[in-house]
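Below is one structure; the comments refer to it alone.
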Amino acid sequence: MSKVYICTAIPYVNGNPHIGHAMDYLLADTYARYHRLKGDEVRFQVGTDEHGNKVFSTAQKNHIPVEEYVQENSDKFREFIKRLNISYTDFVRTTDPEHVRSVQEVWKKLEPHIYSAEYDGWYCEGCERFVTQKEYEENEGCCPDHQKPYQKLSEHNYYLRISDFKERIRSAIESGEMRITPEFRKQEMLRLLEDAPDISISRPRKQLTWGVPVPGDDDQVMYVWVDALSNYISVLGYPDSDDMKEFWPAAAQFVGKDILRFHAITWPAILLGIGLDLPKNLVVHGHVLSNGQKMSKSLGNVIDPMEVLNRKGLPAFRYFFLRHIDSFADSDFTNEKFENAYNNELANDLGNLVQRLATLCKKNDVAGVQSELKLTSEFCVLMDKFEFSKALDLVWGKIQQLNKQIDDQKPWELAKNGESERVQEVLQDLERGLVDTAQLLTVFLPETAQQIIDIFTATAVIPPAQPLFPKN
Ligand code: MSP
(Lines give C-alpha, C1' and ligand atoms only; values in the text may rest on other atoms or scores of the structure.)
Protein backbone atom coordinates (compact mmCIF):
# COMPACT_ATOMS: atom_id res chain seq x y z
CA MET A 1 0.00 0.00 0.00
CA SER A 2 1.37 3.41 -0.85
CA LYS A 3 0.29 6.94 -0.16
CA VAL A 4 -0.92 8.69 -3.26
CA TYR A 5 -1.64 12.40 -3.62
CA ILE A 6 -3.76 13.57 -6.56
CA CYS A 7 -4.33 17.20 -7.51
CA THR A 8 -6.63 19.13 -9.83
CA ALA A 9 -6.44 22.69 -11.16
CA ILE A 10 -8.53 25.08 -9.08
CA PRO A 11 -10.98 27.08 -11.24
CA TYR A 12 -11.43 30.84 -11.06
CA VAL A 13 -14.68 31.69 -9.38
CA ASN A 14 -15.73 34.40 -11.83
CA GLY A 15 -18.55 32.35 -13.29
CA ASN A 16 -20.52 29.16 -13.09
CA PRO A 17 -18.97 25.72 -13.49
CA HIS A 18 -18.56 24.92 -17.12
CA ILE A 19 -18.75 21.57 -18.88
CA GLY A 20 -14.98 21.77 -19.47
CA HIS A 21 -14.28 21.99 -15.74
CA ALA A 22 -15.61 18.43 -15.44
CA MET A 23 -12.50 17.12 -17.23
CA ASP A 24 -9.98 17.69 -14.43
CA TYR A 25 -12.38 16.25 -11.86
CA LEU A 26 -13.40 13.15 -13.77
CA LEU A 27 -9.88 12.21 -14.83
CA ALA A 28 -8.51 12.73 -11.33
CA ASP A 29 -11.43 10.90 -9.76
CA THR A 30 -10.90 7.89 -12.03
CA TYR A 31 -7.24 7.79 -11.07
CA ALA A 32 -8.11 8.13 -7.37
CA ARG A 33 -10.63 5.29 -7.52
CA TYR A 34 -8.12 3.12 -9.35
CA HIS A 35 -5.56 3.64 -6.61
CA ARG A 36 -8.08 2.95 -3.88
CA LEU A 37 -9.01 -0.26 -5.66
CA LYS A 38 -5.35 -1.23 -5.52
CA GLY A 39 -5.42 -0.60 -1.78
CA ASP A 40 -3.48 2.67 -1.76
CA GLU A 41 -4.21 5.51 0.63
CA VAL A 42 -5.37 8.46 -1.46
CA ARG A 43 -5.45 12.20 -0.72
CA PHE A 44 -7.28 14.05 -3.43
CA GLN A 45 -7.40 17.85 -3.56
CA VAL A 46 -9.91 20.10 -5.31
CA GLY A 47 -10.63 23.77 -4.69
CA THR A 48 -11.27 27.26 -5.96
CA ASP A 49 -8.96 30.08 -7.11
CA GLU A 50 -10.49 33.21 -5.66
CA HIS A 51 -8.02 36.10 -5.91
CA GLY A 52 -7.01 38.35 -8.80
CA ASN A 53 -8.41 41.16 -10.89
CA LYS A 54 -10.56 38.95 -13.04
CA VAL A 55 -12.58 37.74 -10.07
CA PHE A 56 -12.54 41.15 -8.42
CA SER A 57 -13.85 43.01 -11.46
CA THR A 58 -16.62 40.47 -12.09
CA ALA A 59 -17.79 40.90 -8.50
CA GLN A 60 -17.81 44.67 -8.98
CA LYS A 61 -19.72 44.40 -12.23
CA ASN A 62 -22.32 42.34 -10.39
CA HIS A 63 -22.44 44.89 -7.52
CA ILE A 64 -21.70 42.22 -4.94
CA PRO A 65 -19.04 42.54 -2.21
CA VAL A 66 -16.15 40.42 -3.39
CA GLU A 67 -16.07 38.19 -0.28
CA GLU A 68 -19.73 37.33 -0.79
CA TYR A 69 -19.25 36.79 -4.49
CA VAL A 70 -16.38 34.32 -4.10
CA GLN A 71 -18.20 32.43 -1.37
CA GLU A 72 -21.28 32.04 -3.56
CA ASN A 73 -19.32 30.86 -6.59
CA SER A 74 -17.01 28.60 -4.63
CA ASP A 75 -20.15 26.91 -3.28
CA LYS A 76 -21.37 26.37 -6.84
CA PHE A 77 -18.17 24.48 -7.64
CA ARG A 78 -18.51 22.48 -4.46
CA GLU A 79 -22.03 21.46 -5.52
CA PHE A 80 -20.90 20.64 -9.02
CA ILE A 81 -18.11 18.40 -7.70
CA LYS A 82 -20.58 16.70 -5.41
CA ARG A 83 -23.03 16.20 -8.26
CA LEU A 84 -20.24 14.48 -10.23
CA ASN A 85 -19.60 12.17 -7.24
CA ILE A 86 -15.94 13.16 -7.13
CA SER A 87 -14.21 11.27 -4.32
CA TYR A 88 -12.02 14.18 -3.15
CA THR A 89 -10.65 14.36 0.36
CA ASP A 90 -9.67 18.05 0.59
CA PHE A 91 -11.27 21.25 -0.67
CA VAL A 92 -9.04 24.32 -0.63
CA ARG A 93 -10.03 27.96 -1.16
CA THR A 94 -7.29 30.47 -1.81
CA THR A 95 -9.06 32.86 0.54
CA ASP A 96 -8.73 30.37 3.44
CA PRO A 97 -6.56 31.97 6.16
CA GLU A 98 -4.48 28.76 6.40
CA HIS A 99 -3.80 28.94 2.69
CA VAL A 100 -2.80 32.62 2.92
CA ARG A 101 -0.35 31.83 5.76
CA SER A 102 1.18 28.97 3.78
CA VAL A 103 1.65 31.08 0.67
CA GLN A 104 3.43 33.74 2.68
CA GLU A 105 5.77 31.05 4.00
CA VAL A 106 6.39 29.95 0.43
CA TRP A 107 7.31 33.51 -0.49
CA LYS A 108 9.71 33.94 2.43
CA LYS A 109 11.48 30.71 1.63
CA LEU A 110 11.77 31.75 -2.02
CA GLU A 111 13.39 35.10 -1.20
CA PRO A 112 16.97 34.12 -2.24
CA HIS A 113 15.58 33.69 -5.77
CA ILE A 114 13.52 36.89 -5.82
CA TYR A 115 14.64 40.35 -7.01
CA SER A 116 12.78 43.56 -7.69
CA ALA A 117 12.68 45.34 -11.04
CA GLU A 118 10.53 47.40 -13.34
CA TYR A 119 8.13 45.55 -15.62
CA ASP A 120 7.40 47.25 -18.86
CA GLY A 121 5.36 45.00 -21.07
CA TRP A 122 2.06 43.28 -21.74
CA TYR A 123 -0.49 41.45 -19.64
CA CYS A 124 -3.59 39.38 -20.37
CA GLU A 125 -6.16 39.68 -17.64
CA GLY A 126 -8.14 36.72 -19.00
CA CYS A 127 -5.12 34.44 -18.57
CA GLU A 128 -3.80 36.45 -15.58
CA ARG A 129 -0.49 36.23 -17.40
CA PHE A 130 2.48 38.44 -18.33
CA VAL A 131 2.98 38.27 -22.08
CA THR A 132 6.34 38.57 -23.88
CA GLN A 133 6.94 41.01 -26.72
CA LYS A 134 7.40 38.06 -29.09
CA GLU A 135 4.02 36.63 -28.17
CA TYR A 136 2.44 40.06 -28.36
CA GLU A 137 3.66 40.38 -31.94
CA GLU A 138 2.72 36.83 -32.92
CA ASN A 139 -0.82 37.35 -31.68
CA GLU A 140 -1.05 40.90 -33.08
CA GLY A 141 -1.69 42.40 -29.67
CA CYS A 142 -4.75 40.34 -28.86
CA CYS A 143 -5.14 37.22 -26.68
CA PRO A 144 -6.34 34.37 -28.93
CA ASP A 145 -8.00 32.61 -25.99
CA HIS A 146 -9.89 35.57 -24.63
CA GLN A 147 -10.25 37.72 -27.75
CA LYS A 148 -9.18 40.76 -25.74
CA PRO A 149 -6.33 43.21 -26.46
CA TYR A 150 -3.32 42.78 -24.15
CA GLN A 151 -2.96 45.48 -21.49
CA LYS A 152 0.21 47.61 -21.38
CA LEU A 153 1.84 47.54 -17.93
CA SER A 154 4.63 49.72 -16.58
CA GLU A 155 5.09 48.91 -12.95
CA HIS A 156 7.39 47.85 -10.18
CA ASN A 157 7.34 44.08 -9.52
CA TYR A 158 9.18 41.31 -7.75
CA TYR A 159 10.62 38.68 -10.06
CA LEU A 160 11.37 35.02 -9.61
CA ARG A 161 14.70 34.01 -11.13
CA ILE A 162 13.56 31.17 -13.35
CA SER A 163 17.12 31.00 -14.69
CA ASP A 164 18.20 29.53 -11.32
CA PHE A 165 16.14 26.42 -12.05
CA LYS A 166 15.93 26.06 -15.81
CA GLU A 167 18.48 23.30 -16.19
CA ARG A 168 17.10 21.36 -13.26
CA ILE A 169 13.56 21.61 -14.67
CA ARG A 170 14.73 20.56 -18.12
CA SER A 171 16.45 17.47 -16.78
CA ALA A 172 13.42 16.56 -14.63
CA ILE A 173 11.16 16.75 -17.67
CA GLU A 174 13.58 14.92 -19.95
CA SER A 175 14.36 12.13 -17.52
CA GLY A 176 10.74 11.56 -16.54
CA GLU A 177 11.34 12.55 -12.92
CA MET A 178 8.40 14.88 -13.62
CA ARG A 179 6.64 13.01 -16.40
CA ILE A 180 4.44 15.04 -18.73
CA THR A 181 1.65 13.08 -20.44
CA PRO A 182 1.00 13.10 -23.37
CA GLU A 183 4.46 13.12 -24.95
CA PHE A 184 3.72 15.96 -27.41
CA ARG A 185 3.00 18.28 -24.47
CA LYS A 186 6.35 17.33 -22.98
CA GLN A 187 8.07 18.41 -26.18
CA GLU A 188 6.05 21.62 -26.24
CA MET A 189 7.19 22.46 -22.69
CA LEU A 190 10.83 21.68 -23.43
CA ARG A 191 10.67 24.17 -26.31
CA LEU A 192 8.94 26.77 -24.15
CA LEU A 193 11.50 26.33 -21.41
CA GLU A 194 14.33 27.22 -23.80
CA ASP A 195 13.56 30.93 -23.72
CA ALA A 196 11.48 31.09 -20.56
CA PRO A 197 12.21 34.49 -18.98
CA ASP A 198 12.30 35.29 -15.26
CA ILE A 199 8.72 35.91 -14.21
CA SER A 200 7.05 38.71 -12.41
CA ILE A 201 5.48 37.40 -9.19
CA SER A 202 3.84 40.46 -7.68
CA ARG A 203 1.73 43.44 -8.67
CA PRO A 204 1.57 46.87 -7.06
CA ARG A 205 -1.29 47.02 -4.58
CA LYS A 206 -2.86 49.88 -6.52
CA GLN A 207 -3.17 47.54 -9.53
CA LEU A 208 -4.28 44.47 -7.62
CA THR A 209 -6.03 44.83 -4.31
CA TRP A 210 -7.66 41.41 -4.10
CA GLY A 211 -4.76 39.11 -3.32
CA VAL A 212 -2.24 37.89 -0.75
CA PRO A 213 0.04 40.66 0.60
CA VAL A 214 3.77 40.22 -0.05
CA PRO A 215 5.47 39.68 3.34
CA GLY A 216 7.47 42.75 4.32
CA ASP A 217 6.21 45.01 1.51
CA ASP A 218 2.81 46.58 2.01
CA ASP A 219 2.83 48.07 -1.47
CA GLN A 220 2.92 44.73 -3.26
CA VAL A 221 0.44 41.90 -3.64
CA MET A 222 1.33 38.42 -4.88
CA TYR A 223 0.70 37.53 -8.49
CA VAL A 224 -2.30 35.20 -8.55
CA TRP A 225 -0.44 32.24 -9.98
CA VAL A 226 2.06 32.08 -7.10
CA ASP A 227 -0.89 32.17 -4.75
CA ALA A 228 -2.94 29.65 -6.75
CA LEU A 229 -0.19 27.10 -7.43
CA SER A 230 0.72 26.96 -3.75
CA ASN A 231 -2.73 25.52 -3.00
CA TYR A 232 -1.37 22.07 -3.79
CA ILE A 233 0.84 22.20 -0.71
CA SER A 234 -1.05 24.64 1.51
CA VAL A 235 -3.89 22.13 1.66
CA LEU A 236 -1.47 19.56 3.06
CA GLY A 237 -0.42 22.06 5.73
CA TYR A 238 2.84 23.42 4.28
CA PRO A 239 5.37 24.12 5.76
CA ASP A 240 5.24 22.02 8.89
CA SER A 241 2.95 19.07 8.76
CA ASP A 242 3.20 15.32 8.76
CA ASP A 243 0.86 15.24 5.79
CA MET A 244 3.42 17.13 3.71
CA LYS A 245 6.04 14.53 4.58
CA GLU A 246 3.68 11.66 3.87
CA PHE A 247 1.90 12.81 0.73
CA TRP A 248 4.20 15.21 -1.13
CA PRO A 249 5.27 14.93 -3.98
CA ALA A 250 1.95 14.52 -5.79
CA ALA A 251 1.59 11.29 -7.74
CA ALA A 252 -0.35 13.14 -10.44
CA GLN A 253 -1.58 16.64 -11.16
CA PHE A 254 -4.37 17.00 -13.72
CA VAL A 255 -4.49 20.23 -15.73
CA GLY A 256 -5.86 21.61 -18.98
CA LYS A 257 -3.51 22.41 -21.86
CA ASP A 258 -3.97 26.18 -21.43
CA ILE A 259 -2.37 26.18 -17.98
CA LEU A 260 0.37 23.64 -18.51
CA ARG A 261 3.10 26.28 -18.77
CA PHE A 262 2.38 27.39 -15.21
CA HIS A 263 2.55 23.81 -13.99
CA ALA A 264 5.57 22.76 -16.01
CA ILE A 265 7.74 25.86 -15.45
CA THR A 266 6.49 28.24 -12.74
CA TRP A 267 5.38 25.56 -10.29
CA PRO A 268 8.57 23.48 -10.52
CA ALA A 269 10.63 26.67 -10.08
CA ILE A 270 8.70 27.50 -6.90
CA LEU A 271 9.06 23.94 -5.59
CA LEU A 272 12.79 23.79 -6.28
CA GLY A 273 13.19 27.24 -4.74
CA ILE A 274 11.63 26.07 -1.48
CA GLY A 275 13.45 22.75 -1.52
CA LEU A 276 10.59 20.39 -2.36
CA ASP A 277 10.39 17.52 -4.83
CA LEU A 278 8.57 17.91 -8.13
CA PRO A 279 5.24 16.21 -8.82
CA LYS A 280 5.74 12.81 -10.42
CA ASN A 281 3.21 13.32 -13.20
CA LEU A 282 1.57 16.21 -14.99
CA VAL A 283 -1.38 14.91 -16.95
CA VAL A 284 -2.60 17.34 -19.55
CA HIS A 285 -6.03 17.18 -21.12
CA GLY A 286 -7.32 19.06 -24.14
CA HIS A 287 -10.40 21.24 -24.29
CA VAL A 288 -13.99 20.20 -24.63
CA LEU A 289 -15.48 21.80 -27.71
CA SER A 290 -19.11 22.30 -28.62
CA ASN A 291 -19.93 21.33 -32.20
CA GLY A 292 -16.28 21.66 -33.11
CA GLN A 293 -15.89 25.13 -31.66
CA LYS A 294 -14.62 26.68 -28.48
CA MET A 295 -17.60 27.37 -26.25
CA SER A 296 -18.48 31.01 -25.91
CA LYS A 297 -21.46 33.01 -24.83
CA SER A 298 -21.37 35.04 -28.04
CA LEU A 299 -21.51 31.92 -30.24
CA GLY A 300 -24.38 30.65 -28.12
CA ASN A 301 -22.87 27.15 -27.97
CA VAL A 302 -22.13 26.89 -24.25
CA ILE A 303 -23.24 23.55 -22.83
CA ASP A 304 -24.60 23.66 -19.32
CA PRO A 305 -23.34 20.57 -17.48
CA MET A 306 -26.28 20.64 -15.05
CA GLU A 307 -28.75 20.40 -17.89
CA VAL A 308 -26.97 17.32 -19.29
CA LEU A 309 -26.70 15.75 -15.84
CA ASN A 310 -30.36 16.34 -15.06
CA ARG A 311 -31.49 14.98 -18.40
CA LYS A 312 -29.43 11.80 -18.59
CA GLY A 313 -28.04 11.19 -15.13
CA LEU A 314 -24.55 11.00 -13.74
CA PRO A 315 -23.40 7.57 -15.01
CA ALA A 316 -24.13 8.59 -18.60
CA PHE A 317 -22.27 11.88 -18.10
CA ARG A 318 -19.23 10.20 -16.57
CA TYR A 319 -19.30 7.50 -19.24
CA PHE A 320 -19.36 9.93 -22.14
CA PHE A 321 -16.55 12.05 -20.77
CA LEU A 322 -14.33 9.15 -19.85
CA ARG A 323 -14.80 7.14 -23.02
CA HIS A 324 -15.70 9.52 -25.83
CA ILE A 325 -14.01 12.76 -24.91
CA ASP A 326 -10.37 12.21 -25.82
CA SER A 327 -8.24 12.32 -22.69
CA PHE A 328 -5.51 14.38 -24.34
CA ALA A 329 -6.66 16.05 -27.57
CA ASP A 330 -9.43 18.63 -27.97
CA SER A 331 -12.69 16.79 -28.29
CA ASP A 332 -16.20 17.55 -29.30
CA PHE A 333 -19.29 17.29 -27.12
CA THR A 334 -22.45 17.04 -29.20
CA ASN A 335 -25.87 15.90 -28.11
CA GLU A 336 -26.01 13.53 -31.04
CA LYS A 337 -22.83 11.70 -30.01
CA PHE A 338 -23.99 11.67 -26.43
CA GLU A 339 -27.39 10.19 -27.31
CA ASN A 340 -25.77 7.57 -29.57
CA ALA A 341 -23.38 6.47 -26.85
CA TYR A 342 -26.24 6.33 -24.38
CA ASN A 343 -28.52 4.24 -26.57
CA ASN A 344 -26.01 1.93 -28.24
CA GLU A 345 -23.53 1.37 -25.47
CA LEU A 346 -25.12 2.05 -22.10
CA ALA A 347 -28.68 0.96 -22.85
CA ASN A 348 -28.03 -1.82 -25.41
CA ASP A 349 -24.67 -3.26 -24.37
CA LEU A 350 -24.67 -2.84 -20.60
CA GLY A 351 -28.27 -2.22 -19.53
CA ASN A 352 -29.63 -5.12 -21.59
CA LEU A 353 -26.91 -7.48 -20.41
CA VAL A 354 -27.74 -6.80 -16.76
CA GLN A 355 -31.48 -7.12 -17.34
CA ARG A 356 -31.23 -10.29 -19.40
CA LEU A 357 -28.83 -12.08 -17.13
CA ALA A 358 -30.67 -11.12 -13.92
CA THR A 359 -33.97 -12.26 -15.44
CA LEU A 360 -32.47 -15.60 -16.50
CA CYS A 361 -30.94 -16.13 -13.05
CA LYS A 362 -34.20 -15.37 -11.30
CA LYS A 363 -36.23 -17.57 -13.60
CA ASN A 364 -33.88 -20.51 -13.13
CA ASP A 365 -33.27 -19.97 -9.41
CA VAL A 366 -29.58 -19.30 -9.87
CA ALA A 367 -27.99 -17.56 -6.89
CA GLY A 368 -25.47 -14.74 -7.05
CA VAL A 369 -21.71 -15.40 -6.93
CA GLN A 370 -18.77 -14.37 -4.80
CA SER A 371 -15.91 -12.92 -6.71
CA GLU A 372 -12.45 -11.61 -5.83
CA LEU A 373 -11.03 -8.46 -7.31
CA LYS A 374 -8.94 -9.24 -10.36
CA LEU A 375 -7.02 -6.26 -11.70
CA THR A 376 -5.51 -7.47 -14.96
CA SER A 377 -2.09 -6.22 -15.93
CA GLU A 378 -3.48 -5.07 -19.28
CA PHE A 379 -5.88 -2.79 -17.41
CA CYS A 380 -3.25 -1.53 -14.96
CA VAL A 381 -0.76 -0.72 -17.72
CA LEU A 382 -3.32 1.56 -19.39
CA MET A 383 -4.38 3.16 -16.10
CA ASP A 384 -0.77 3.81 -15.08
CA LYS A 385 -0.22 5.55 -18.42
CA PHE A 386 -3.38 7.64 -17.85
CA GLU A 387 -4.97 6.10 -20.96
CA PHE A 388 -8.35 6.03 -19.27
CA SER A 389 -10.54 5.91 -22.37
CA LYS A 390 -8.53 2.93 -23.64
CA ALA A 391 -8.93 1.20 -20.28
CA LEU A 392 -12.68 1.81 -20.56
CA ASP A 393 -12.60 0.39 -24.12
CA LEU A 394 -11.08 -2.72 -22.60
CA VAL A 395 -13.87 -2.98 -20.03
CA TRP A 396 -16.42 -2.47 -22.79
CA GLY A 397 -14.86 -5.26 -24.81
CA LYS A 398 -15.55 -7.56 -21.85
CA ILE A 399 -19.18 -6.41 -21.71
CA GLN A 400 -19.63 -7.13 -25.41
CA GLN A 401 -17.94 -10.49 -24.96
CA LEU A 402 -20.43 -11.39 -22.20
CA ASN A 403 -23.33 -10.45 -24.47
CA LYS A 404 -21.91 -12.73 -27.13
CA GLN A 405 -21.43 -15.50 -24.58
CA ILE A 406 -25.15 -15.41 -23.65
CA ASP A 407 -26.15 -15.42 -27.31
CA ASP A 408 -23.82 -18.34 -28.09
CA GLN A 409 -24.63 -20.46 -25.06
CA LYS A 410 -28.38 -19.85 -25.18
CA PRO A 411 -29.12 -20.76 -21.52
CA TRP A 412 -32.89 -20.49 -22.22
CA GLU A 413 -32.61 -23.44 -24.61
CA LEU A 414 -30.64 -25.44 -22.08
CA ALA A 415 -33.43 -24.79 -19.59
CA LYS A 416 -36.07 -25.83 -22.08
CA ASN A 417 -34.20 -29.09 -22.60
CA GLY A 418 -34.11 -29.71 -18.85
CA GLU A 419 -30.29 -29.39 -18.55
CA SER A 420 -30.54 -27.64 -15.19
CA GLU A 421 -26.98 -28.32 -14.01
CA ARG A 422 -25.57 -26.86 -17.20
CA VAL A 423 -27.88 -23.83 -16.82
CA GLN A 424 -26.45 -23.20 -13.35
CA GLU A 425 -22.91 -23.48 -14.67
CA VAL A 426 -23.45 -21.23 -17.67
CA LEU A 427 -25.30 -18.53 -15.75
CA GLN A 428 -22.89 -18.49 -12.81
CA ASP A 429 -20.00 -18.24 -15.21
CA LEU A 430 -21.66 -15.23 -16.81
CA GLU A 431 -22.36 -13.72 -13.38
CA ARG A 432 -18.72 -14.10 -12.39
CA GLY A 433 -17.64 -12.50 -15.66
CA LEU A 434 -19.99 -9.59 -15.11
CA VAL A 435 -19.02 -9.02 -11.47
CA ASP A 436 -15.32 -9.07 -12.41
CA THR A 437 -16.01 -6.55 -15.16
CA ALA A 438 -18.08 -4.38 -12.82
CA GLN A 439 -15.14 -4.24 -10.44
CA LEU A 440 -13.06 -2.59 -13.15
CA LEU A 441 -16.00 -0.40 -14.04
CA THR A 442 -16.11 1.05 -10.49
CA VAL A 443 -13.26 3.42 -11.33
CA PHE A 444 -15.35 5.00 -14.10
CA LEU A 445 -19.00 4.53 -13.14
CA PRO A 446 -18.99 3.82 -9.40
CA GLU A 447 -22.78 3.93 -8.90
CA THR A 448 -23.65 1.65 -11.82
CA ALA A 449 -20.86 -0.77 -11.04
CA GLN A 450 -21.97 -1.08 -7.42
CA GLN A 451 -25.55 -1.69 -8.51
CA ILE A 452 -24.36 -4.54 -10.75
CA ILE A 453 -22.17 -6.03 -8.04
CA ASP A 454 -25.07 -5.88 -5.57
CA ILE A 455 -27.44 -7.63 -7.98
CA PHE A 456 -25.13 -10.51 -8.90
CA THR A 457 -23.60 -11.17 -5.52
CA ALA A 458 -26.96 -11.37 -3.69
CA THR A 459 -28.25 -14.75 -2.57
CA ALA A 460 -31.36 -14.20 -4.65
CA VAL A 461 -30.76 -12.38 -7.91
CA ILE A 462 -33.48 -9.81 -8.55
CA PRO A 463 -33.59 -7.94 -11.87
CA PRO A 464 -33.68 -4.14 -11.48
CA ALA A 465 -37.26 -2.83 -11.50
CA GLN A 466 -36.23 -0.25 -14.10
CA PRO A 467 -33.58 -0.91 -16.77
CA LEU A 468 -30.26 0.69 -15.69
CA PHE A 469 -30.36 2.92 -18.77
CA PRO A 470 -33.95 3.38 -19.92
CA LYS A 471 -34.34 4.56 -23.47
CA ASN A 472 -36.30 7.73 -24.17
N1 MSP B 1 -7.47 29.28 -11.83
C2 MSP B 1 -6.71 28.71 -12.87
C3 MSP B 1 -6.05 27.40 -12.44
C4 MSP B 1 -5.16 27.51 -11.25
S5 MSP B 1 -4.46 25.97 -10.83
C6 MSP B 1 -3.34 26.36 -9.68
C7 MSP B 1 -7.58 28.43 -14.10
N8 MSP B 1 -8.90 28.36 -13.90
S9 MSP B 1 -9.97 28.04 -15.05
O10 MSP B 1 -11.24 28.11 -14.41
O11 MSP B 1 -9.76 28.88 -16.18
O12 MSP B 1 -9.67 26.57 -15.51
C13 MSP B 1 -9.72 25.49 -14.59
C14 MSP B 1 -9.46 24.17 -15.31
O15 MSP B 1 -10.50 23.93 -16.25
C16 MSP B 1 -8.16 24.16 -16.12
O17 MSP B 1 -7.53 22.89 -16.02
C18 MSP B 1 -8.64 24.40 -17.53
O19 MSP B 1 -7.78 23.90 -18.50
C20 MSP B 1 -9.94 23.64 -17.51
N21 MSP B 1 -10.84 24.07 -18.56
C22 MSP B 1 -11.43 25.27 -18.77
N23 MSP B 1 -12.18 25.23 -19.91
C24 MSP B 1 -12.08 24.00 -20.46
C25 MSP B 1 -12.64 23.33 -21.55
N26 MSP B 1 -13.45 23.91 -22.43
N27 MSP B 1 -12.34 22.01 -21.70
C28 MSP B 1 -11.54 21.33 -20.83
N29 MSP B 1 -10.99 21.94 -19.80
C30 MSP B 1 -11.22 23.27 -19.61
O31 MSP B 1 -7.05 28.27 -15.17
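Counted as qualifying within region 274-389 are the strands (runs of 3 or more DSSP E) with 3 or more residues that are of a type outside the set (G, A, S) and in contact with a strand residue (DSSP E or B) (Cβ under 6 Å, 6 or more places away or on another chain), namely 281-285. The number of residues in region 368-404 that are under 19 Å from V423 (Cβ atoms) and open to solvent by 40 Å² or more (accessible area, probe 1.4 Å) comes to 1.
When region 38-48 is filtered for residues that are in contact (Cβ under 8 Å) with a residue 60 or more places away in the chain and closer than 17 Å to A22 by Cβ, the ones remaining, listed by number, are Q45, G47. As a summary of the residue check, Q147 satisfies the conditions (1) over 30 Å from L299 (Cα atoms); (2) at pLDDT below 95; (3) open to solvent by 80 Å² or more (accessible area, probe 1.4 Å) except for the one numbered (1).
Scanning region 244-290 for residues that are more than 9 Å from the ligand (Cβ to nearest atom), aliphatic (A, V, I, L, M), open to solvent by 10 Å² or more (accessible area, probe 1.4 Å) and over 21 Å from I6 (Cβ atoms) yields I265, L272. Restricting N73, N62 to those that are closer than 26 Å to N301 by Cα and either open to solvent by less than 30 Å² (accessible area, probe 1.4 Å) or acidic (D, E) (or both) reduces the list to N73. In region 56-83, the residues that are part of a helix (DSSP H, G or I) and modelled with pLDDT of 95 or more reach residues that are buried (at least 17 other Cβ atoms within 10 Å of the Cβ) and of a type in the set (D, E) with C-beta atoms within less than 6 angstrom, at least six apart or across chains, in these pairs: V70/E50. Tell me, yes or no, whether region 82-94 has at least one residue that is closer than 30 Å to E372 by Cβ, surrounded by fewer than 23 Cβ atoms within 10 Å (Cβ to Cβ), among the aliphatic types (A, V, I, L, M) and away from the ligand (no atom under 11 Å from the Cβ). The answer is yes, given that some residue of region 82-94 is closer than 30 Å to E372 by Cβ, surrounded by fewer than 23 Cβ atoms within 10 Å (Cβ to Cβ), among the aliphatic types (A, V, I, L, M) and away from the ligand (no atom under 11 Å from the Cβ). For region 8-18, a tally of residues being of a type in the set (A, V, I, L, M) and within 7 Å of the ligand (Cβ to nearest atom) returns 2. In region 157-209, of all residues being assigned to a strand (DSSP E or B) and in contact with an Asp or Glu (Cβ under 6 Å, 6 or more places away or on another chain), the one that is least open to solvent (accessible area, probe 1.4 Å) corresponds to P204. Take the conditions (1) more than 27 Å from P97 (Cα to Cα); (2) in contact with a Lys or Arg (Cβ under 8 Å, 6 or more places away or on another chain); (3) within 15 Å of the ligand (Cβ to nearest atom); Q293 misses just one of them, which is (2). Set side by side, the residues R179, R185 differ, and just one is of a type outside the set (A, V, I, L, M), within 16 Å of the ligand (Cβ to nearest atom) and touching a residue at least 24 places away in the same chain (Cβ under 8 Å), which is R185. Filtering region 224-243 to residues that are within 14 Å of the ligand (Cβ to nearest atom) and free of Cβ contacts under 8 Å to residues at least 60 places away in the same chain leaves only L229. Screening Y31, Y5, Y25 for residues that are within 12 Å of the ligand (Cβ to nearest atom) and not charged (D, E, K, R) leaves exactly one candidate, Y25.
The values are calculated or read from the model by the stated rules, or taken from the named source; none is laboratory data. Just so you know, these numbers come straight off a predicted model, no measurement behind them. Note: ideal-geometry Cβ built from the backbone for every residue, glycine included; neighbour counts use all protein chains shown. Just so you know, the surface numbers come from the protein's heavy atoms only, side chains and all, with ligands and any DNA or RNA stripped out. Shrake-Rupley method; radii C 1.70, N 1.55, O 1.52, S 1.80 Å.
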